[in-house]
Every structure is written in C-alpha cells, then in structure tokens.
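Notes for the one structure printed next.
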Amino acid sequence: MASEPGSNDPLSSPQIAWTGSKVMITAADAAGNAYSWWQAVGSATSNLQTVASGGYSSPSIAWTGSSVIIAAEQDYGQQQGPRAPTTRA
C-alpha cells in the first residue's frame, strides 16, 4: 500500500459523506493513490486508510445507509482505440 500522504502532498478531488455518526472524506494524490479518512462525532482523531495505490484519480464517496462506497477512475495511461474482439478456435 502507499505511504501516508505528507502535509505538503497535494490532494485532488476531495469528496465528503456523512453516515449519521461519522464524517467520511476521500481524495487522491499526484501519484494516483486514493485515500479515505473518517472521524466519529465528538472525536478529535481522524483515521486514514489507503483504499487504492497508484493509477487512480477522481475518487467519490457515498453512504448507502449501511456501507460506505468509494469509487475512483483507474488511469490506464495513454488513450487507445477500441480493441478488436478476440476469438478462440
């Protein structure tokens, strides 16, 4: 997993969700690592988790009523045209 983002690491695409008892935040760094943080109501401590390493951007976060869902774009590098279907003999 990726290391913890430092205080000088730029983070992009921050998103926030509320679960009813916690605030959840997600963001990505320039290296393509996606992180989430959560903090319970009344707590002064935030908790960091790396949710994807290398090659991810634009994370989003949602609360379903029972689970937190995080989705992010996977960066495949240079855009290529559509592939021809493969066939097997």
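Scan segment 48-71 for residues that are within 14 Å of Pro5 (Cβ to Cβ) and either among the polar types (S, T, N, Q) or over 10 Å from the mean Cα position of the chain (by Cα) (or both) and the total you get is 5.
Taken as a whole, the structure leaves Ala44 outside the set of residues that are outside any loop (DSSP other than H, G, I, E, B) and among the hydrophobic types (A, V, I, L, M, F, W, C).
Contact map, segment 61-89: residues that are within 18 Å of Ser21 (Cα to Cα) paired with residues that are at pLDDT 90 or above and part of a loop (DSSP other than H, G, I, E, B), Cβ distance under 7 Å, separation 6+ or inter-chain. Pairs shown: Trp63/Thr19; Val68/Thr19.
Report yes if Ser12 is at pLDDT below 95 and assigned to a loop (DSSP other than H, G, I, E, B), otherwise no. In short, no. Sub-6 Å Cβ pairs linking a first residue in segment 31-43 that is surrounded by 14 or more Cβ atoms within 10 Å (Cβ to Cβ) to a second residue that is of a type in the set (Lys, Arg), at least 6 apart or interchain, are Trp38/Lys22, ordered by first then second residue. When the residues of segment 49-69 are filtered to those that are in contact with a strand residue (DSSP E or B) (Cβ under 9 Å, 6 or more places away or on another chain) and outside any strand (DSSP E or B), the one that is surrounded by the fewest Cβ atoms within 10 Å (Cβ to Cβ) is Ser53.
The values are calculated or read from the model by the stated rules, or taken from the named source; none is laboratory data. Computed from a predicted model, the values in this text were never measured in an experiment. Every residue, glycine among them, receives a Cβ derived from its backbone with ideal geometry; neighbour counts consider all protein chains shown.
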